[in-house]
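Student: Dropping the structure in here first, questions after.
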Amino acid sequence: MPDHPPRVAERLLRWIVPGRDGDAIAGDLRETYEQRGGGSIWYWMQVMTCTQVWLSPYRRTVPDFRRDLHYALRVIRRNPGYAVTAMLCLALGIGVNATVFSLFDGMYFRMLPVPHPDRVVAIDRNGAMPVFWRDYVSLHGDLDAFSGVTASQARGTFMDVERTNFGIVAETVSTNYAEVLQVRPILGRWFSPADESAGAEPSVVISWRIWERYFRRDPNVLDQYVRIETQSYRIIGVAPDGFRGISPPALIDAWLPLVTFPIFRPQLRDPRGSGPPVNLTGRLAPGETAERAGAEIAVADAHLRQAYPSVTRFAAPLNVRIFRGITSPESRQSMLPISVLLLAVVVIVLLIACVNVANLLLSRAAVRQREMALRRALGASRGRLIRQGLAESVILALGGAMLGILLGHWTDHTLSAWLATSAPQSGWSGVSLEMNWRVAAFTAAVALICAVLFSLAPALEGSSTDLLTALKIDAPSGRGGRSRQRDFYVISQVALSLVLLIAASLLLRALQRTAQINPGFATDHRMYVRLFTPEPDFTPDSSTRLFTGLLEAARALPGVRDATLSFAVLGFMDGECVSADRNVPAVHASINVVEPNYFEVMHVPVLRGRNFASYDRPSSPRVVMINETLASRWWPGQEAVGKVLWLGCGDGIPRVASTVIGVVKDSKYGALDEGARPFFYVSRLQVWWNGFFALILHTTGDPSGLAVSLLKLARTGGPNLRIYELSTFDELVERSLWRVRWQASLLGGFGLLAIVLSVIGLYGVVAYAVAQRTREIGVRVAVGAQSIDIQWLVLAHALRLTTTGIVVGLLLSAIATRSLRSFLYGVSPVDPIAFSGAALVWIVISMLASYIPAQRAARVDPAISLRYE
């Protein structure tokens, strides 16, 4: 046995691990080697292990990082005020970003709240309903890649609970719906095959929301009856809280077997028909993938195309994809512009928050510059100082992220409730906001980016402090480069917040301009109740008689000047195909079915021709009245009165020739901010439509005073008459502004938050500048400067920063606000009133933010200030 270890291995160890560390390791290994009695292979393995540990980056990084974190926590404990301020600023920026990301999560990423959601797939044709009901019946049992496939179709309808009528969204489904989704009710049961058999009593499962709102969580709700459409349904179950159905963004209120829904019965009874179109949702069988399921669906799709060669929507292939977010491309597309706008806004808010924290850290670096210089003199490397600054920033960012998640959780609930009430006609009301692991991961990533953004410049600045300059007693700490850097940050904050302020001002201007639009019909002293006579409770003849009787009774009410009937009201209408030649392809135009006196009651001017008359009956030639847009589109430069308009889309149904008897002035039909659209009118006395009519009253006084009388009159139509909506026309017009109003509210709220953060930053910079110039201010006062001179000295500094930020912000806004063009009605993206108003507001805000530091500077005592530092 050799009396010493392998010399090559020992020399290699000492070369890789130099100095006393290498000597100590080599000595320990030699001693162990002698105790073992040799072992060259063992010694080589120990040398390799020691060198591997020595060369590992974690050997120094982990202990150093722990020491940096420990040191950063000590610094924060000694100065908790600045740490809390920084965390609150970050919490505001991170919280609003987490909230907006939760919106995106609900739109694109969130899976269904069911067991094993990664195995639930949507089967569709680019978001369109893929098959007919009868095809589903023959299809779903032959798919081996699926453990089950269910059919559904979301329908807007109305539910009666104890004679209270309200609008709901119902999913008409196949009875294996809950089995495929594996959803358990909290009360009762889901459907069974017996619920869609012939002669079965119609049953319904209601949502938690309906159970809570209209039944006050009554545990005895089972076996009670509600009316949907024209039929009574027995409640057999209550869905779990949080389950919103499988038709996002629609928020589902009730589920019922498709075969029991009244509107589908004629289609299902027709032995030659295919039934209603339905969406398919499947659950993959164990071991199957979406790709293999898609291949199987493609075979079934080929058979469908052969069976329906003339159905154009079957031209798009069937797709199988994991069910995530909103499956409808149309809904995604309609919600995308405001989503992108909100994302851009909250990113700006986050940048402003980061700039605030960076300014705070720069001020801290100025105070600690002597400490940093001494540590550099004692041997600390610049990288070590930068790393310690980053460690401190990571702690601040993590604290801000945790507070941001709490703030975002509260904001989610608040915004979800606000969207449901402020944007009832948008898909946003059906998008749920929730904090989940994706939102938490996004928040953590944002926090890490923030830590780098707001800490890098202060860390570099603090680590580069010159020892001789820092140790000079008379050194003007914090001036020069740091001062210019803080000024640059404030200018950036002012510019970014001004962009948001101008954008909010433009939307407010658009709201103001939209509210001033003449709708084209009278709104004052007018109210309506919207009614529906459903089949089979009413026939066209009985419905016509009922509405005629209600109209005559309404005219006899005290305080009523006149009354009329109209199918369409603002925001509620239908359409029909029209053309000026039966051989020309028809185009879609909106339609209204009205009482002959409608134009007089609503003050819609008849420009040319005549009005409908009592002799325009079903037996007389068909007549129509058209608006200016339709007249100019089909007969430009010609007289439209007397022309023939062909109604109908064809498809085997003959078109009807109708003579134009009058041209009326354009009105607003869908919303106040819509463009001109072709529109035509037919007489209620000549054409039966679909049982929907609004009974409109022109009153002598306040129309809301007749609400009770009008509702009582409507109820005389019997229990089968549906009463949907009672409102004044002023309220109707106000509701039509919801889109512009909630966009302006959202942007205004985030803009206000950005301004608050920017004001904090401006105040901090001005106050710090006053503190740093205390000696200079004392000298000025000592040589005779007045208080007003000192105040103006401070205010002028703030005004210079603000003015520079405003100039930059105006240039950025002129570029950025062009993306708002689709949100603005009648307002230019560079509207001078919005731009100048926002700039003036910021100047006033900056002066108010600088007033307190200016007052503090004016009260400086020269005797004390000359002993400063």
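Student: Kindly evaluate residue 545 against the criterion of being part of a helix (DSSP H, G or I) and open to solvent by 30 Å² or more (accessible area, probe 1.4 Å).
Tutor: Answer is yes for this residue.
Student: Which one is modelled with the lowest pLDDT among residues in segment 688-710 that are assigned to a strand (DSSP E or B) and not small (Gly, Ala, Ser)?
Tutor: Checking each candidate, the answer is 692.
Student: Note down all Cβ pairs under 8 Å where the first residue falls in segment 216-240 and is within 20 Å of residue 192 (Cα to Cα), the second is of a type in the set (Gly, Ala, Ser) and surrounded by fewer than 18 Cβ atoms within 10 Å (Cβ to Cβ), and they're at least six residues apart or on different chains.
Tutor: Correct list of pairs: 222/188; 225/232; 226/232; 235/188; 236/188; 237/188; 238/188.
Student: Among all residue pairs at least 6 apart or on different chains, which show Cβ distances below 6 Å where the first residue, located in segment 544-565, is over 13 Å from residue 694 (Cα atoms) and the second is outside any loop (DSSP other than H, G, I, E, B) and open to solvent by 30 Å² or more (accessible area, probe 1.4 Å)?
Tutor: The qualifying pairs are 557/709.
Student: For segment 109-125, how many residues are closer than 19 Å to residue 408 by Cα and surrounded by fewer than 22 Cβ atoms within 10 Å (Cβ to Cβ)?
Tutor: Of the residues in segment 109-125, 1 are closer than 19 Å to residue 408 by Cα and surrounded by fewer than 22 Cβ atoms within 10 Å (Cβ to Cβ).
Student: Could you list, in sequence order, all residues of segment 22-37 that are part of a helix (DSSP H, G or I), more than 15 Å from residue 49 (Cβ to Cβ) and either in contact with a helix residue (DSSP H, G or I) (Cβ under 8 Å, 6 or more places away or on another chain) or open to solvent by less than 50 Å² (accessible area, probe 1.4 Å) (or both)?
Tutor: 23, 27, 30, 36
Student: Still on this structure: Exactly one condition in (1) buried (at least 18 other Cβ atoms within 10 Å of the Cβ); (2) without any contact (Cβ under 8 Å) to a residue 60 or more places away in the chain is not met by residue 327; state its number.
Tutor: Every condition holds for residue 327 apart from (2).
Student: Got at least one residue in segment 532-542 being open to solvent by less than 30 Å² (accessible area, probe 1.4 Å), assigned to a helix (DSSP H, G or I), touching an Asp or Glu at 6+ places or on another chain (Cβ under 7 Å) and at pLDDT below 85?
Tutor: no
Student: What is the residue count in segment 563-596 for residues that are charged (D, E, K, R) and either part of a loop (DSSP other than H, G, I, E, B) or touching a helix residue (DSSP H, G or I) at 6+ places or on another chain (Cβ under 8 Å) (or both)?
Tutor: 3
Student: Hey, another quick one. Considering 697, 757, 713, which residue is within 37 Å of the chain's Cα centre (by Cα) and either of a type in the set (A, V, I, L, M) or closer than 24 Å to residue 602 by Cα (or both)?
Tutor: 757
Student: Of all the residues that make up segment 578-590, how many are in contact with a Gly (Cβ under 8 Å, 6 or more places away or on another chain) and crowded, with 17+ Cβ neighbours inside 10 Å?
Tutor: 3
Student: While we're looking at this one, here's another question. Residue by residue through segment 45-62, note down the ones that are under 20 Å from residue 6 (Cα atoms), open to solvent by 90 Å² or more (accessible area, probe 1.4 Å) and either modelled with pLDDT under 80 or among the aromatic types (Phe, Trp, Tyr) (or both).
Tutor: Of everything in segment 45-62, just one residue is under 20 Å from residue 6 (Cα atoms), open to solvent by 90 Å² or more (accessible area, probe 1.4 Å) and either modelled with pLDDT under 80 or among the aromatic types (Phe, Trp, Tyr) (or both), namely 52.
Student: Additional query: Please work out if residue 731 is modelled with pLDDT under 90 and more than 22 Å from residue 575 (Cβ to Cβ).
Tutor: Judged against the criteria, residue 731 is a match.
Student: Only one of 494, 529, 499 is touching a helix residue (DSSP H, G or I) at 6+ places or on another chain (Cβ under 7 Å), open to solvent by less than 30 Å² (accessible area, probe 1.4 Å) and at pLDDT 90 or above; which?
Tutor: Exactly one residue qualifies, and that residue is 529.
Student: How about segment 143-182: which of its residues are over 16 Å from residue 257 (Cα atoms) and out of contact with any Asp or Glu (no Cβ under 9 Å at 6 or more places or on another chain)?
Tutor: 160, 161, 162, 163, 164, 165, 182
Student: Could you list, in sequence order, the residues of segment 783-802 that are of a type in the set (Gly, Ala, Ser) and closer than 22 Å to residue 484 by Cβ?
Tutor: Of everything in segment 783-802, those that are of a type in the set (Gly, Ala, Ser) and closer than 22 Å to residue 484 by Cβ turn out to be 796, 798.
Student: Something else now. Here are 672, 726, 685: which of them is of a type in the set (A, V, I, L, M, F, W, C), surrounded by 17 or more Cβ atoms within 10 Å (Cβ to Cβ), assigned to a loop (DSSP other than H, G, I, E, B) and under 37 Å from the mean Cα position of the chain (by Cα)?
Tutor: From the options 672, 726, 685, the qualifying one is 672.
Student: Can you confirm whether residue 157 is open to solvent by less than 60 Å² (accessible area, probe 1.4 Å), in contact with a Gly (Cβ under 9 Å, 6 or more places away or on another chain) and in contact (Cβ under 8 Å) with a residue 24 or more places away in the chain?
Tutor: yes
Student: From 633, 622, grab the single residue that is charged (D, E, K, R) and more than 24 Å from residue 520 (Cα to Cα).
Tutor: 622
Student: Which residues, taken from segment 820-853, are open to solvent by less than 20 Å² (accessible area, probe 1.4 Å), over 21 Å from residue 490 (Cβ atoms) and small (Gly, Ala, Ser)?
Tutor: Once the filter is applied, which keeps residues that are open to solvent by less than 20 Å² (accessible area, probe 1.4 Å), over 21 Å from residue 490 (Cβ atoms) and small (Gly, Ala, Ser), segment 820-853 yields only 834.
Student: Just give me the residues in segment 612-662 being open to solvent by 50 Å² or more (accessible area, probe 1.4 Å), among the aromatic types (Phe, Trp, Tyr) and closer than 18 Å to residue 577 by Cβ, in sequence order.
Tutor: Passing the criteria: only 634.
Student: Go through segment 126-154 and count every residue that is outside any helix (DSSP H, G or I) and either open to solvent by 20 Å² or more (accessible area, probe 1.4 Å) or of a type outside the set (Val, Ile, Thr) (or both).
Tutor: Counting residues in segment 126-154 that are outside any helix (DSSP H, G or I) and either open to solvent by 20 Å² or more (accessible area, probe 1.4 Å) or of a type outside the set (Val, Ile, Thr) (or both) gives 16.
Student: For segment 201-258, how many residues meet the condition of being in a loop (DSSP other than H, G, I, E, B), within 30 Å of residue 333 (Cβ to Cβ) and open to solvent by 50 Å² or more (accessible area, probe 1.4 Å)?
Tutor: 1
Student: Go through (1) open to solvent by 10 Å² or more (accessible area, probe 1.4 Å); (2) closer than 30 Å to residue 262 by Cα for residue 562 and report which single condition fails.
Tutor: The number of the failed condition is (2).
Student: Scan segment 171-179 and give yes if some residue there is open to solvent by 60 Å² or more (accessible area, probe 1.4 Å), closer than 25 Å to residue 233 by Cβ and without any contact (Cβ under 8 Å) to a residue 24 or more places away in the chain, otherwise no.
Tutor: No, because not a single residue in segment 171-179 is open to solvent by 60 Å² or more (accessible area, probe 1.4 Å), closer than 25 Å to residue 233 by Cβ and without any contact (Cβ under 8 Å) to a residue 24 or more places away in the chain.
The values are calculated or read from the model by the stated rules, or taken from the named source; none is laboratory data. Everything numeric here is computed off the predicted structure, so don't read it as measured data. Virtual Cβ from ideal backbone geometry, glycine too; neighbours counted across all protein chains shown. Note: accessible area is taken over every heavy atom of the protein model, side chains too, but ligands, DNA and RNA are not part of it. Shrake-Rupley method; radii C 1.70, N 1.55, O 1.52, S 1.80 Å.
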